[in-house]
Amino acid sequence: MSAAHDDLSKDPGGESSDRPGGGVVAPARQHDEPAITAAPGDDDRAPPTTSTGRGRGWWLITGTLVALVVLCLVAAGRGQLSIPPGEVAGSILHRLDTGLEGLLGAVGLTIDLPLDRVNVPAHPQGDAALWQVRFPRIVLAVLVGAALAAAGALMQGVFGNPLAEPAIIGVSPGAAVGASLAIVTGVDVLSTWVVPLAAFAAALCTTLLVYALSRSGGRTESITLILTGVAVTAIASAVVAFNTFIASPTAREQIVFWQLGSLNGARWQAVAVVVPFVVVGLVVAVALARRLDLLALGDRSARHLGVNVEQLRVVAIVVIAMLVGAGVAFAGVIAFVGLVIPHLVRLVAGPGHRLLLPASALGGALLLTLADLVARTAIPFADLPLGMLTAIVGGPFFLWLMRRMRSKQGGWA
């Protein structure tokens, strides 16, 4: 990939492109081979990740994973019923020991594993509190955070714009429209899959709409993307408000929950529905990483290197809708996770998507787990909205990023 990038900059006698500032054309290796012309706006694209960035990236992934495990153990023990992290780990090992011994017994083996020789929660209700209330909520926070952060990183690569984020450009509010329609019409009682599927379909339509409206001349301008997002969010908010108005009192409470963003009431059934969406979405996103790196060189260069650009964008948009729909279906609209985390990862590990996507997923899981811990413990007997907490962090970051882009580019292009 770096060799291809170097080819774009080495032609002493190449022709200048029509881009202001003079892009260069790589020399054709054969007379009948088309030259590679730097596409407009290619200078704004990120260069490939260096070996130093890759080294820092793997350390970042390892450190984030360890921090996430520790945070999950601590978060599971915090609440009205306090449980030490050692007892939380003991409860997990005890369940694991029971499950493994059951599997071995099913094949005729009787083995006494040592995993249950640990301290379990001393309180009589401790185990029930962990497995029925806290663990489902923590696992759902990990899944939703990973989905939103990975969707943000993928969206920024596809749109070629650092300001792209599901909630900012209207994709998350669009998914909330699908979820609210499923609730208001009453079809959500048919299956636990109805709401996430409705959210996915609405998120897909919204993403395609934003992509079509904001892209012009082979590129997506920042100001066009933001204004398109503002318009789409306004329309989606109006539809959700209308659904809230006509809904029954019970359905109205559910819709308000989507607008604020919360993991309150998370259950294992919700986790079971979200897992396939997130796992498939993350696997496909990582599989697209190399082609996204080539796309960062520009559409023309990527096509010359064998990338089907339009197919790549369509597949990526479907994956973005899948990840956002899964997150919104059970957690509501939670903004800025997909903006803050990918940018922090790029500062450490560089822009290469093979590191950016998994590191962003882990970072998003860490951020949302921490935010949920604050949401349910900051005020006794109260559960703060997650969307409010992430906006407190993400709003100022978004303003800083816009000012940084303006000063770098000399305008809002």
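Quick check, is S180 of a type in the set (S, T, Y) and within 23 Å of W400 (Cα to Cα)? No. Being farther than 24 Å from L297 by Cβ and surrounded by 24 or more Cβ atoms within 10 Å (Cβ to Cβ) holds for only one residue in G152, G157, G170, and it is G170. Say we look at the range 269-314 and pick out the residues that are among the β-branched types (V, I, T) and more than 20 Å from the chain's Cα centre (by Cα); which of these is farthest from R215 (Cα to Cα)? Applying the filter and picking the extreme gives V307. Scanning the range 66-109 for residues that are under 24 Å from L362 (Cβ atoms) and of a type in the set (V, I, T) yields a total of 6.
Quick check, is S91 over 24 Å from the mean Cα position of the chain (by Cα), closer than 23 Å to A141 by Cα and touching a residue at least 12 places away in the same chain (Cβ under 8 Å)? Yes. Whether any residue in the range 395-411 is of a type outside the set (S, T, N, Q) and either at pLDDT 85 or above or crowded, with 24+ Cβ neighbours inside 10 Å (or both) is what I want to check. Yes. Answer yes or no: is there a residue in the range 325-343 that is buried (at least 22 other Cβ atoms within 10 Å of the Cβ), of a type in the set (G, A, S) and modelled with pLDDT of 90 or more. No. The listed residues are T185, T192, and the only one of them that is among the hydroxyl-bearing types (S, T, Y), modelled with pLDDT of 85 or more, closer than 16 Å to A251 by Cα and surrounded by fewer than 24 Cβ atoms within 10 Å (Cβ to Cβ) turns out to be T185. The lone criterion from (1) more than 23 Å from the chain's Cα centre (by Cα); (2) part of a helix (DSSP H, G or I); (3) modelled with pLDDT of 85 or more; (4) surrounded by fewer than 17 Cβ atoms within 10 Å (Cβ to Cβ) left unmet by T98 is number (3).
Tallying residues that are touching a residue at least 40 places away in the same chain (Cβ under 8 Å), among the small types (G, A, S) and either surrounded by fewer than 16 Cβ atoms within 10 Å (Cβ to Cβ) or touching a strand residue (DSSP E or B) at 6+ places or on another chain (Cβ under 8 Å) (or both) within the range 235-271 yields 0. Candidates in the range 110-132 are the residues that are hydrophobic (A, V, I, L, M, F, W, C) and assigned to a loop (DSSP other than H, G, I, E, B); of these, the one that is surrounded by the most Cβ atoms within 10 Å (Cβ to Cβ) is V120.
For the range 303-413, the helices (runs of 4 or more DSSP H) that sit wholly inside it and include 2 or more residues that are under 21 Å from L204 (Cα atoms) and out of contact with any Phe, Trp or Tyr (no Cβ under 8 Å at 6 or more places or on another chain) are 309-331, 337-349, 353-377. Among the residues of the range 65-88, those identified as in a loop (DSSP other than H, G, I, E, B) and touching a residue at least 40 places away in the same chain (Cβ under 8 Å) are R78, G79, Q80, L81, I83. Residues of the range 133-192 that are among the charged types (D, E, K, R) and either in contact (Cβ under 8 Å) with a residue 12 or more places away in the chain or not in a helix (DSSP H, G or I) (or both): R134, R137, E165. Has the range 196-210 got any residue that is part of a loop (DSSP other than H, G, I, E, B) and at pLDDT 85 or above? For the range 196-210, residues part of a loop (DSSP other than H, G, I, E, B) and at pLDDT 85 or above: absent. In the range 273-291, which residue that is of a type outside the set (G, A, S) and free of Cβ contacts under 8 Å to residues at least 12 places away in the same chain is nearest to W193 (Cα to Cα)? Within the range 273-291, the match that is nearest to W193 (Cα to Cα) is P276.
The values are calculated or read from the model by the stated rules, or taken from the named source; none is laboratory data. From a predicted model like this one, the values you see are computed outputs, not experimental measurements. Methodologically, a virtual Cβ is constructed for each residue, glycine included, from the backbone with ideal geometry; neighbour enumeration extends over all protein chains shown.
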